[in-house]
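For reference, the structure is listed below as structure tokens.
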Amino acid sequence: MRKKSLFLFLVIFILFLMGYVKKDVSATETNDLVKNAKSAILIELHTGDVLYQKNEHEKRAPASMTKILAITLVLEAIDKGQIKWDDIVTISEHAASYGGSQVWLETGEQMSVEDLFKCMVIVSANDATVALAELVAGSEELFVQQMNERVEALGLENTHFVDPTGLSDFDEGHYSSAYDMAMLAKDLLLRYEDITVKYSSIYEDYIREDTNEKFWLVNTNKLVFIKTTKKLSNNFYIYI
């Protein structure tokens, strides 16, 4: 039950994050949810069986969903012992100057891998994501190369990344599809479900907590702030 609930939650999260679903759609009106989605897919987590699909191979700008693969590669590096949660990272000028969603990292600032990971997962911070990418691969460019190599290894034909954050647009050659994103999410959850859910389900937290620069992290996925639970069927729940 937990895994089925989690996966449906992930699918709804993906659709909202990509802006494919109107935010005023009732959670129980599944027909409206499908109708208002430009691209959509529902798969069974463990088998990958496609249960519903709509324009699932159409290329679109994935925005911060790009971080699904970035998270996978960071967790893989931790799993292999290449980096550790308590490693201290010195922030580069490149990472600190990154635009978009950020936690305002400063050049030369030092922060643990765990805190940077929280920033990436909870608030989708681009600067933290790039700092971790540089740590794992040596540079943002080499990390992106690893991302595209993983995409190719997974046999995903409608995805190409030019950055690890999703800040780049479709016209810049940064794209994916609903199907490919579902496969990347499936790969992440099957390998690192517990640790991913541990951090992605945090609604609020802090970094620099014992300093004068204490920074409040609030999850960009508002579905994490559960107000009600509505039962859709005997097997699936959606949280709103």
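Every number here is computed from the coordinates shown, using simple stated rules; none is lab data. Keep in mind that this is a model prediction, so the values were computed, not measured. Note that we place each Cβ from the backbone using ideal geometry, even for glycine, and neighbour counts take in every protein chain shown.
Data table
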item	result
Net length gained if the chain between Ser97 and Leu142 were fully extended (0.36 nm per residue, minus Cα distance)	14.4 nm
Contour minus Cα-Cα distance for Leu190 and His57 (0.36 nm per residue)	45.7 nm
Separation between Cα centres of region 172-228 and region 148-169, rounded to whole Å	19 Å
Members of Lys118/Lys186; Lys59/Lys222; Lys67/Lys214; Lys80/Lys214 lying beyond 23 Å, as alpha-carbon distances in this model show	Lys59/Lys222; Lys67/Lys214; Lys80/Lys214
Nearest-0.05 FRET efficiency for Lys38 and Asp86, computed from C-beta distance (R0 35 Å)	0.25
Ranked packing of 172-181, 199-208, 132-141, most packed first, by mean Cβ within 10 Å	172-181, 132-141, 199-208
Highest to lowest packing among 158-170, 115-127, scored as the average C-beta count within 10 Å	115-127, 158-170
Alpha-carbon gyration tensor eigenvalues x 5, square-rooted, for region 52-121, Å	28, 18, 9
Residues with amide H under 5 Å from that of Leu154, placed H, sequence gap 5 or more	none
